[in-house]
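Written below as structure tokens is the structure these notes are about.
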Amino acid sequence: MSLPAGFLEELRSRASLSHVVGRKVTWDARKSNQAKGDFWAPCPFHQEKTASFHVDDRKGFYYCFGCHAKGDAVSFVRETENVGFMEAVEILAREAGMQMPARDPKAAERADRGRLLAEVMEAAVRHYRLQLKTAAGAGARDYLARRKLAEATLDRFEIGFAPDLRQGLFDALRAKGVAAELVVDAGLCARPDGGGAPYDRFRGRIIFPIRDGRGRCIGLGGRAMDPQVRAKYLNSPETELFDKGRSLYNHGPAREAAGNGQALIVAEGYMDVIALVAAGFEAAVAPLGTAITENQLRLLWRIHHEPIIALDGDAAGIRAAMRLVDLALPLLQAGQGLRFVILPEGMDPDDLIRQRGAGAFRKLLDGAEPMVNLLWRRETEAGNFDSPERRAALDKSLRAAIGRISDSSISAHYGEEIRRLRAELFGARRAPARGAFAPIGRPGKGRGLPPPAGALSATRSSLLAAATGPEVEEYLHEAMILAICYTHPACIARFESQLEKLGLHGPGHARMRHALLLASHQSPDDPAEFRARIQQAAGDDLEKMLALAHVRTAPPVRNENDGELAMMCLAEELARLEARRGARSEIEDAVEDLAGLADEGLTWRLSQAAEARHRAYRSKLDETESLGEDRAALSAQLQGLIDAAAWVKKKT
């Protein structure tokens, strides 16, 4: 729905940002000046001890100097309550005493129906809570007592009991005037296939209410009392309120506890979460009867930047951990990861805490492993790599796994850690050369080559003299590729797939590539608008790249109207870069695989062969003019620097 003009301004003026934020943080009295509307606190969006989160109450904006989160009251409610824009507006309007504008009839009908279903769910929770206290609930109370759940814990989680009656809940709700259709649509009852009155879905089960981040009861979980029942645990079906793959048990309280500095723990089930919370680990959640989904993983990261996955120490728990590794790899971002705790075999968090105490679990949390360890464990669990073929298969499998990581910095760090673990496993006499292992598709199969340092404006044209070795040449090849795409947008569509997969390690090159690909879809037929978008998205990076003499004097960059030449040059630059990296990758693999098997002399000769190949490559380039480089147009200063460089003087 659209809001009338001025509504949001009025809402922001009425809703005190310090009041809205104050529910989630503790203000730093030393830094804050409330009289001037100046408030400081530890940031609720990332874990910190210092007060770097600033609220300007008069202007109505917040900003974190640590994680750079910023916004107004609406955005704060959206982020902390995990709700949409209109829901955040409704929450603030209700608190400010403002009437929401009339919505279209269908939207209003959906909202009203949602409220009705939520009210039916609350009525069911109250009914099951009462049943736990009756004579019919004696067996359930005994079971909960054996699990050492105190009365306060039962109240906190609103645990109830569903007697083994076909229509116990249905009759109770109908007696209160609830329509049969609503009881069925809320997922509490089901209609028989052959027709007839609805019957209760939950019978003979301990009931666990499931609430969303706003505290609404959206579903139920039930644990069977009869051990012979086919399904030990049963959840509500998918309804208008309940989406199992997008929900977490104990979501709201865990989010609040994580915001106060506790580690976010992801357990497997209801009882694990309840035991953890009772033991003081209040930021505990669980998926709802299935493996963690992508939506749940993203939800976890919104709560905490590094959740700890606590899985049972049985085969099923290990399999669940490995599935989660595969799910998480493509989604990893800097500062956003996972750690794992694998419990002793045959134990879950509830068992461990009851038998060994909260201290034992705390010790496991302190030793939580990074995800790369789980990946390594899975790939090496066969344990027998006594032949070159088996070691090569291990390398291929690891490269494929790390190649799924989209963030180049993270993939490089994964490659470094895998190299270290590999050296330990094979007992290499020395660590493989830097860059000897990383994902396919990046420099040297994703070898994580360090980018050259950013040049000052006065020395941009002398980049080739600033460093030696293949990294500088690859940097210039990357710059040429991006410059051709900027000058000739039509080339992007032709080479889009290669550009997406290309490993870029020059300063700002990845950002430039992203801007080029995005603008090519947004303004494919308007070169002026295309370039304006690039300048807006990557102005500094673009300026530095075009300032390179090697780039700005190249024919495809100087000749904006020669599209055919640009296509040829771009194809050649891409092929050259791929060939260089592929050849060096093979040599580095050979050095790595022979390290520890051959003597140092052979290893040295291989490294010299790589250097000789590099010199030969440069010599060939000097003898033949490149399509992408007009040497006559290069400045005399740049040519002199090239001639004076050590790696050119060594040519034979």
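A single member of 303, 265, 292, 218 is more than 24 Å from the chain's Cα centre (by Cα) and under 25 Å from residue 159 (Cβ atoms), and it is 218. Report, by residue number, each residue of segment 129-152 that is touching a helix residue (DSSP H, G or I) at 6+ places or on another chain (Cβ under 7 Å) and farther than 16 Å from residue 276 by Cα. Those that are touching a helix residue (DSSP H, G or I) at 6+ places or on another chain (Cβ under 7 Å) and farther than 16 Å from residue 276 by Cα: 131, 132, 137, 140, 141. Of the helices (runs of 4 or more DSSP H) entirely within segment 498-583, those holding at least 1 residues that are touching a Ser or Thr at 6+ places or on another chain (Cβ under 7 Å) and small (Gly, Ala, Ser) occupy 509-522, 549-552. May I ask you to verify whether residue 142 is modelled with pLDDT of 95 or more and over 21 Å from residue 211 (Cα atoms)? It is true that residue 142 is modelled with pLDDT of 95 or more and over 21 Å from residue 211 (Cα atoms). In segment 391-411, the residues that are within 19 Å of residue 505 (Cβ to Cβ) form Cβ pairs under 9 Å with partners that are among the acidic types (Asp, Glu) and modelled with pLDDT under 95, at six or more places apart or across chains, as follows: 404/326. Inside segment 484-506, residues that are more than 21 Å from residue 562 (Cβ to Cβ) and either surrounded by 20 or more Cβ atoms within 10 Å (Cβ to Cβ) or within 23 Å of the chain's Cα centre (by Cα) (or both) make up a count of 7.
Restricting attention to segment 76-85 and to residues that are crowded, with 17+ Cβ neighbours inside 10 Å and touching a residue at least 40 places away in the same chain (Cβ under 8 Å), the residue that is nearest to residue 296 (Cα to Cα) turns out to be 82. In segment 20-42, the qualifying residues are those that are of a type in the set (A, V, I, L, M) and modelled with pLDDT of 85 or more, and the one that is surrounded by the fewest Cβ atoms within 10 Å (Cβ to Cβ) is 29.
Residue-wise test of (1) within 33 Å of the chain's Cα centre (by Cα); (2) closer than 16 Å to residue 256 by Cα.
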{"site": "14", "(1), (2)": "no, no"}
{"site": "21", "(1), (2)": "yes, yes"}
{"site": "28", "(1), (2)": "yes, no"}
{"site": "35", "(1), (2)": "no, no"}
{"site": "39", "(1), (2)": "yes, no"}
{"site": "46", "(1), (2)": "yes, yes"}
{"site": "50", "(1), (2)": "yes, no"}
{"site": "56", "(1), (2)": "yes, no"}
{"site": "60", "(1), (2)": "yes, no"}
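Looking at residue 158, is it assigned to a loop (DSSP other than H, G, I, E, B) and either over 35 Å from the mean Cα position of the chain (by Cα) or surrounded by 14 or more Cβ atoms within 10 Å (Cβ to Cβ) (or both)? Yes, satisfied. Scanning segment 460-497 for residues that are outside any helix (DSSP H, G or I) and at pLDDT below 85 yields 467, 468, 469. For segment 214-231, residues that are touching a strand residue (DSSP E or B) at 6+ places or on another chain (Cβ under 8 Å) and at pLDDT 90 or above total 9. Looking only at residues of segment 341-393 that are within 28 Å of the chain's Cα centre (by Cα) and among the basic types (Lys, Arg), we find that the one that is nearest to residue 419 (Cα to Cα) is 377.
Remark: residue 150 falls outside the filter, which requires a residue to be of a type in the set (Gly, Ala, Ser), surrounded by fewer than 17 Cβ atoms within 10 Å (Cβ to Cβ) and free of Cβ contacts under 8 Å to residues at least 40 places away in the same chain.
If you go through segment 171-204 and keep only what is in contact with a Phe, Trp or Tyr (Cβ under 7 Å, 6 or more places away or on another chain) and crowded, with 18+ Cβ neighbours inside 10 Å, you end up with 183, 187, 189, 198, 200.
Among the residues that make up segment 324-343, is at least one of them basic (Lys, Arg), surrounded by 13 or more Cβ atoms within 10 Å (Cβ to Cβ) and closer than 26 Å to residue 415 by Cα? Yes, that holds for at least one residue. Scan segment 288-305 for residues that are in a loop (DSSP other than H, G, I, E, B) and either without any contact (Cβ under 8 Å) to a residue 40 or more places away in the chain or surrounded by fewer than 17 Cβ atoms within 10 Å (Cβ to Cβ) (or both) and the total you get is 4. Part of a helix (DSSP H, G or I), farther than 17 Å from residue 269 by Cα, touching a strand residue (DSSP E or B) at 6+ places or on another chain (Cβ under 8 Å) and modelled with pLDDT of 95 or more: is that true of residue 169 in this structure? In short, yes. Output yes when any residue across segment 424-436 is modelled with pLDDT of 50 or more, touching a Gly at 6+ places or on another chain (Cβ under 9 Å) and of a type outside the set (Asp, Glu), and no when none is. For segment 424-436, residues modelled with pLDDT of 50 or more, touching a Gly at 6+ places or on another chain (Cβ under 9 Å) and of a type outside the set (Asp, Glu): present.
Could you look through segment 46-56, keep only residues that are at pLDDT 85 or above and crowded, with 17+ Cβ neighbours inside 10 Å, and pick out the one that is nearest to residue 13 (Cα to Cα)? Here the residue is 55.
In summary, residue 238 fulfils each of the numbered conditions (1) under 30 Å from residue 82 (Cβ atoms); (2) buried (at least 23 other Cβ atoms within 10 Å of the Cβ) with the single exception of condition (2). I'd like to check something: does segment 545-557 contain any residue that is surrounded by fewer than 14 Cβ atoms within 10 Å (Cβ to Cβ) and modelled with pLDDT of 80 or more? No. Listed by position, the strands (runs of 3 or more DSSP E) enclosed by segment 190-239 that each have at least 3 residues that are of a type outside the set (S, T, N, Q) and touching a residue at least 24 places away in the same chain (Cβ under 8 Å) are 205-211, 217-224.
Which is without any contact (Cβ under 8 Å) to a residue 60 or more places away in the chain, out of contact with any Cys (no Cβ under 9 Å at 6 or more places or on another chain) and of a type in the set (Phe, Trp, Tyr), of 39, 45, 7? Exactly one residue qualifies, and that residue is 39.
The values are calculated or read from the model by the stated rules, or taken from the named source; none is laboratory data. As the structure is a prediction and not an experimental result, all values here were calculated from the model. A quick note on method: Cβ atoms are made from the backbone with ideal geometry, for glycine too, and the neighbour counts reach across all protein chains shown.
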